Every structure is written in structure tokens, then in C-alpha cells.
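This report refers to the structure that appears directly beneath it.
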Amino acid sequence: MRESIIESSVIRYAKNNGFTAIKLRDMSHKGAPDRLLLYRGTAFFIEFKAPGKKLRPEQLRYKAVLEAQGFSVYRVDNIAAGIDIIKRYIYG
């Protein structure tokens with residue numbers, strides 16, 4: 001399955017459940033995650049990947065920076081895993 005299909009499906013589910021999903025396109029920050037999601041006072045990031053694909057070294061570095069600031073950063077390579085993350089924020 002292509003990364004774009006995974007991303008669009010998960011983001012559609014998130015938006016349908018009240019999340020704001022911001023596409024990050026900051027080219028000056030190589031390795032930034034694909035999306036910033038906001039929900040009821042919380043913020044977290046998702047990097048979408050094709051099934052089985054790993055984070056690149058610059059993505060791992062950016063993930064570490066964000067996590068050091070207290071944010072959660074998820075790598076999602078299938079629709080079910082992405083929806084499970086969204087549900088954790090909805091249902092606690």
C-alpha cells in the first residue's frame with residue numbers, strides 16, 4: 001500500500017473525529033514529520049511511511065528533538081495503526 005493512501009485514510013478518520021491535521025511542508029527543516037495533529041489541547045506528530053519502511057536518519061534526529069520537547073511522534077505504516085493512535089486520543 002502506498003504511503004499517500006495510508007496518510008489520506010488516517011487523516012480523513014482524524015478529521016471526521018474532530019482533529020485538526022496540519023500538513024508540514026517546511027523544507028528548511030529536513031526530516032520534519034508529515035503531519036501535526038491537534039485535539040482538545042493536545043498536539044502530536046505523525047510520520048507516514050509505506051509498509052515496512054524505516055525513518056531516515058534526519059527523521060530520527062527530528063523525532064528526538066520533538067520528543068525532548070515533550071511531544072509524541074509516531075511512525076505509521078498502515079491504516080489500522082494510524083486509526084488506533086487516533087482512538088487513543090479520543091478515548092484515552
**Asked** If we scan the range 13-23, do we find a residue that is of a type in the set (A, V, I, L, M), closer than 18 Å to Tyr91 by Cβ and either surrounded by 19 or more Cβ atoms within 10 Å (Cβ to Cβ) or touching a strand residue (DSSP E or B) at 6+ places or on another chain (Cβ under 8 Å) (or both)?
**Response** yes
**Message:** For the structure I just gave you, tell me whether Met27 is within 14 Å of Gly82 (Cβ to Cβ) and at pLDDT below 95.
**Reply:** no
**Message:** Let me spell it out: the conditions are (1) under 16 Å from Asp84 (Cβ atoms); (2) in contact with a Phe, Trp or Tyr (Cβ under 6 Å, 6 or more places away or on another chain), and Ile11 meets all of them except one. Which number is the exception?
**Reply:** (2)
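Here's the yes/no breakdown for (1) small (Gly, Ala, Ser); (2) more than 20 Å from Ile22 (Cβ to Cβ); (3) at pLDDT 95 or above; (4) in contact with a Phe, Trp or Tyr (Cβ under 6 Å, 6 or more places away or on another chain):
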site	(1), (2), (3), (4)
Leu38	no, no, yes, no
Lys49	no, no, yes, no
Gly52	yes, yes, no, no
Ala68	yes, yes, yes, no
Arg75	no, no, yes, no
**Asked** From the list Lys63, Lys87, which one is crowded, with 16+ Cβ neighbours inside 10 Å and either among the charged types (D, E, K, R) or on the phi > 0 side of the Ramachandran plot (or both)?
**Response** Lys63
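The values are calculated or read from the model by the stated rules, or taken from the named source; none is laboratory data. Note that the structure is predicted; figures quoted are calculated from it, not measured. FYI the Cβ positions are ideal-geometry reconstructions off the backbone, even for glycines, and counts take in every protein chain you see.
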